[in-house]
Amino acid sequence: MSEGVEGNTRTIEGSVVTDFQGRMSYGGYLELDTLLAAQHPLSDPEHHDELLFIIQHQTTELWLKLVLHELSAACRLLRSDQLAPALKCIARVKHIQKTLTEQWSVLATLTPAEYAQFRGVLGNASGFQSAQYRAVEFTLGNKNAAMLRVFESDPAAHALVKQALEAPSLYDEFLRMLARSGYPIPTEVLERDVTTAWTFTPGLVPLFADIYADPQAHWAAYETCEELVDLEDNFQLWRFRHLKTVERIIGFKTGTGGSSGVPFLQRALQLTFFPELFAVRTEIA
């Protein structure tokens with residue numbers, strides 16, 4: 001029998017703190033009283049599965065908060081030519097993306113019949129209205145000023161999305177860093193209107209082709225390109241998993257926020273962040 005274990009019970013070591021009067025506790029540090037009291041199902045009588053639906057989306061928002069934190073830091077670091085710590089931030093985002101994608105499997109346990117019993121209480125609430133999701137999209141370069149209208153009734157959310165709209169994207173910052181490092185980035189790219197969505201720029205493909213032709217000579221740029229490709233791959237997997245989960249639960253019904261539902265989500269798969277990094281693959285001999 002292991003020392004300190006008797007009757008399948010582990011002895012609490014004498015050094016373990018048990019009196020938290022005037023001390024910081026786990027629950028206090030994490031403000032669990034607030035966090036765990038933030039789930040308020042509206043169905044009446046309360047439907048068992050509504051809690052799943054709420055927690056799924058609340059945890060997504062917490063992860064999105066961290067994604068924004070890391071992407072903002074990465075942009076700031078790229079602006080000061082600190083590539084290595086910027087890549088560390090991006091690496092963390094990639095792990096968060098995998099967690100977010102896996103979370104869809106939990107929501108997919110919700111059957112159409114179960115969801116139909118409390119869907120009505122959502123009113124017009126929809127993930128389309130997530131300010132943090134939109135800010136992440138904008139920070140990665142897929143901007144759309146028309147989206148600001150969705151957040152006009154919420155000043156804080158509107159300010160968050162507007163800030164992301166007006167700031168250079170992660171890709172903008174990477175290309176500016178390359179220019180400072182001596183790479184021939186076209187002037188029109190460096191001086192572009194950063195409030196508009198990034199669109200495919202053919203003039204960048206030869207530059208990336210040179211980088212990919214000799215990775216050792218351009219290792220920092222080459223590695224960053226591949227990290228950005230990972231980000232886009234992961235984002236598209238998240239979008240696809242979202243689409244298939246929605247299709248599985250509500251079929252082709254319209255969305256609670258007024259969208260066409262699955263067809264609207266399908267069009268999101270056509271959006272891109274770093275098109276030149278995918279186009280260059282066709283040019284690599």
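The values are calculated or read from the model by the stated rules, or taken from the named source; none is laboratory data. It should be emphasised that the depicted structure is a prediction, and the values quoted were computed from it without experimental measurement. Ideal geometry is used to build each Cβ from the backbone, glycine not excepted, and the neighbour counts take in all protein chains shown. Heavy atoms of the whole protein, side chains included, go into the accessibility calculation; ligands, DNA and RNA do not. Shrake-Rupley method; radii C 1.70, N 1.55, O 1.52, S 1.80 Å.
In the range 132-163, the qualifying residues are those that are assigned to a helix (DSSP H, G or I) and of a type in the set (Lys, Arg), and the one that is least open to solvent (accessible area, probe 1.4 Å) is Arg134.
Those helices (runs of 4 or more DSSP H) of the range 6-99 in which 1 or more residues are closer than 30 Å to Phe174 by Cα and open to solvent by less than 40 Å² (accessible area, probe 1.4 Å) occupy 50-79.
Across the range 100-129, the number of residues qualifying as over 16 Å from Ile54 (Cβ atoms), part of a helix (DSSP H, G or I) and either small (Gly, Ala, Ser) or touching a residue at least 40 places away in the same chain (Cβ under 8 Å) (or both) comes to 7. The numbered conditions (1) among the small types (Gly, Ala, Ser); (2) open to solvent by less than 50 Å² (accessible area, probe 1.4 Å); (3) under 24 Å from the mean Cα position of the chain (by Cα) are all true for Gly258 except (2). Checked against the criteria, Leu160 does not count as touching a residue at least 24 places away in the same chain (Cβ under 8 Å) and over 26 Å from the mean Cα position of the chain (by Cα).
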